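This report refers to the structure that appears directly beneath it.
The values are calculated or read from the model by the stated rules, or taken from the named source; none is laboratory data. If you're wondering where the values come from, they're calculated on a predicted model, not measured in any experiment. Heads up, the Cβs are rebuilt from the backbone with ideal geometry, glycines too, and the neighbour counts pull from every protein chain shown. Accessible surface is based on the protein model in full, side chains and every heavy atom, while ligands, DNA and RNA are left aside. Shrake-Rupley method; radii C 1.70, N 1.55, O 1.52, S 1.80 Å.
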Amino acid sequence: MKGKQVLLTGGTGGLGLGVTPAVIAQGAEVTIPYRNPKDVERLKGIISPADLARINFIPANLEDEASVEKLISRMTKVDVLIHLVGGFSMGKTHEYSFYDWKQQIDVNLNTTFLACKYSLRSMLENGYGRIVTVSSRGGVEPAGKLAAYSAAKAGVIALTKAIADETKNTNITANTVLPSIIDTSTNRETAGAENADKWVKPESIAQVICFLASEAAKDVRGAAIPVYGNV
């Protein structure tokens with residue numbers, strides 16, 4: 001990805017702490033939207049000063065269309081979109097609030113749509129693009145108490161596959177990865193660390209994402225790739 005302009009959403013989050021260094025190592029010029037300045041400082045703590053020079057941090061709300069449009073307009077172009085933003089909550093369907101349902105759709109599916117919509121416009125204009133979204137194992141293997149999350153992540157798969165079909169016969173690809181439980185500090189705190197050695201590492205997911213975002217994956221379109229670890 002040397003010299004490519006990469007929009008990396010969620011680059012300061014738990015998964016992003018594994019993905020961002022890997023993308024930077026590929027030689028990319030990276031734009032990372034953020035909402036919490038503390039997350040930016042946490043990421044800066046693991047990136048060298050030389051590599052930080054290739055990262056542009058821009059405040060943005062990815063659930064707001066005008067904010068996403070403005071974010072992407074500030075980039076000269078978008079060669080690669082890597083969309084990591086998402087969120088997780090659970091509860092039995094008959095007890096789950098409609099507010100929480102809508103929130104899961106917003107953070108997981110609607111952010112993906114908006115990021116893809118405006119990135120794709122730039123890619124079509126410039127004749128090149130790589131879109132990599134992050135769905136979940138829950139998107140293909142729904143489980144009890146995960147109705148909202150699974151529905152939203154299934155939507156991410158469908159959206160990505162639809163974009164892949166729309167961009168046939170172009171130099172634009174769209175693919176998604178399906179992690180199981182990711183070994184992040186947040187997941188260790190909420191789920192306990194007893195089985196964390198079996199969870200998939202952010203760095204492992206990063207390697208799959210970097211391949212899909214590269215020139216080498218020009219013939220991979222509409223794939224939904226499981227990255228489950230040993231769970």
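Observations
- Rounded to two decimals, the Cα-based Rg/Rh of the chain, with Kirkwood Rh, is 0.94.
- In the frame of its principal axes, region 1-112 has Cα extents of 51, 28, 23 Å, reported largest first.
- Ellipticity estimate at 222 nm from DSSP helix runs (n ≥ 4, -39,500 (n - 2.57)) divided over the chain, nearest 500: -12000 deg cm²/dmol
- Dipole magnitude for region 63-183: about 180 debye, using +1 per Lys or Arg Cβ and -1 per Asp or Glu Cβ, origin at the Cα centre.
- Descending Cα extents along the principal axes, region 50-109, whole Å: 50, 26, 19
- 5 Å-binned pair-distance histogram of region 138-181 (Cα, whole percent): 6, 22, 25, 18, 13, 9, 5, 2, 0
- Region 12-140: antiparallel DSSP beta bridges as a percent of all, rounded to 5: 0 percent
- Restricting region 1-96 to GluC sites (Glu not before Pro) in coil, as DSSP defines it, with at most 10 other Cβ within 10 Å: GLU95
- Net dipole in debye of the chain [+1 Lys, Arg Cβ; -1 Asp, Glu Cβ; about Cα centre; nearest 20]: 260 debye
- Hydrodynamic radius (Kirkwood) for region 90-143, which is based on Cα pairs only, to one decimal in Å: 13.4 Å
- Candidate membrane-span-like segments in the chain, meaning DSSP H helices with Cα atoms spread over at least 24 Å of their own axis and a Kyte-Doolittle mean of -1.0 or above, are 147-166, with no membrane implied.
- Heavy-atom accessible area per residue - the chain, 1.4 Å, Å²: 47 Å²
- Residues of region 39-61 with amide N under 20 Å of the 7 Å Cα→Cβ point at ARG74: 39-45, 51-61
- Atom-type composition of the exposed protein surface of region 94-180 places 54 percent of the accessible area on carbon and sulfur (1.4 angstrom probe).
- Across the alpha-carbon atoms of region 97-231, the computed radius of gyration and Dmax are 15.6, 49 angstrom.
- Taking the alpha carbon gyration tensor of region 1-50, multiplying each eigenvalue by 5 and rooting it gives semi-axes of 17, 12, 9 Å, largest first.
- For region 13-64 versus region 89-115, the gap between their alpha-carbon centres in whole angstrom: 25 Å
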